[in-house]
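The block underneath contains the structure these notes are about, expressed in structure tokens.
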Amino acid sequence: MGFGTGAACAIQLNSSLTQAEKELYQNRTVIQDILQNTRTIAMIGLSTERQKASYFVATYLLAAGYTVIPVNPKADAILGQTSYPDLRSVPVSIDLVDVFRPAADCLQIVQEAITCRARAIWFQLKVIPFSAAALAREAGLATVMDLCVKMEHGRYHGGLHAAGMNTEIISAKRAQPQGRL
């Protein structure tokens, strides 16, 4: 096996979703649309702890030019951004709700996202709330489940390819850095 072709370099993750569920909730066109048209991300469950995945993802998204709004009732501010106790308290419009909470919490989160007129909802890796995801889709929210927004951004914007990962995207055109996504 050559460099970049081994299983350790593949971006495909072990997902418990069926192929039909992946087509609904991991659709490349939906993912690319969300990444290209999102400016403001409300991150539910953003931790104050630097070693947590949510903190790392938020740091990456801020550096990539997104506005990240922490939603954590136990914090006043995270990463220099004002934190809010819930989506209803966020004073600006939200393009994407990024969820770092257990599946049991997701139905209420989706209901708040619908009320706040968010455009999309993204359930992070291993967050698989089928009933909440179905409600989000029925309400017209673009819905992604069991994927990481940071990894998908890296896949479509050249970051993972540059690191030797097999992004499953074939292109002769090098991805250009963008100020905003």
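The values are calculated or read from the model by the stated rules, or taken from the named source; none is laboratory data. All values reported here derive from a predicted model rather than from experimental measurement. Counting neighbours? That spans all protein chains shown, and the Cβs are built from the backbone with ideal geometry, glycine included.
Scanning region 4-48 for residues being modelled with pLDDT of 95 or more, among the small types (G, A, S) and under 17 Å from the mean Cα position of the chain (by Cα) gives a total of 3. Residues that are acidic (D, E) and within 14 Å of the chain's Cα centre (by Cα) were ranked within region 89-127; the one that is farthest from L17 (Cα to Cα) is D95.
Of note, A103 does not satisfy the criterion of being over 15 Å from Y66 (Cα atoms), surrounded by fewer than 17 Cβ atoms within 10 Å (Cβ to Cβ) and at pLDDT 95 or above. Across region 148-164, the qualifying residues are those that are at pLDDT 80 or above and part of a helix (DSSP H, G or I), and the one among them that is nearest to V97 (Cα to Cα) is V149.
Residue count for region 30-60, restricted to those that are exposed (fewer than 15 other Cβ atoms within 10 Å of the Cβ), within 15 Å of I121 (Cβ to Cβ) and of a type outside the set (D, E, K, R): 1. Listed conditions (1) free of Cβ contacts under 8 Å to residues at least 24 places away in the same chain; (2) farther than 22 Å from T29 by Cβ; (3) not acidic (D, E) are all met by G140, apart from (2). Taking residues in region 71-83 that are on the phi > 0 side of the Ramachandran plot and in contact (Cβ under 8 Å) with a residue 24 or more places away in the chain, and partners anywhere that are small (G, A, S) and not in a loop (DSSP other than H, G, I, E, B), the pairs with Cβ atoms closer than 9 Å and at least 6 places apart or on different chains are L79/A58. For region 117-147, the set of residues classified as out of contact with any strand residue (DSSP E or B) (no Cβ under 8 Å at 6 or more places or on another chain) and part of a loop (DSSP other than H, G, I, E, B) consists of R117, L125, K126, A139, G140, listed by residue number. Counting only residues that are under 25 Å from Q36 (Cα atoms), surrounded by 15 or more Cβ atoms within 10 Å (Cβ to Cβ) and of a type in the set (A, V, I, L, M), region 61-77 holds 6 of them.
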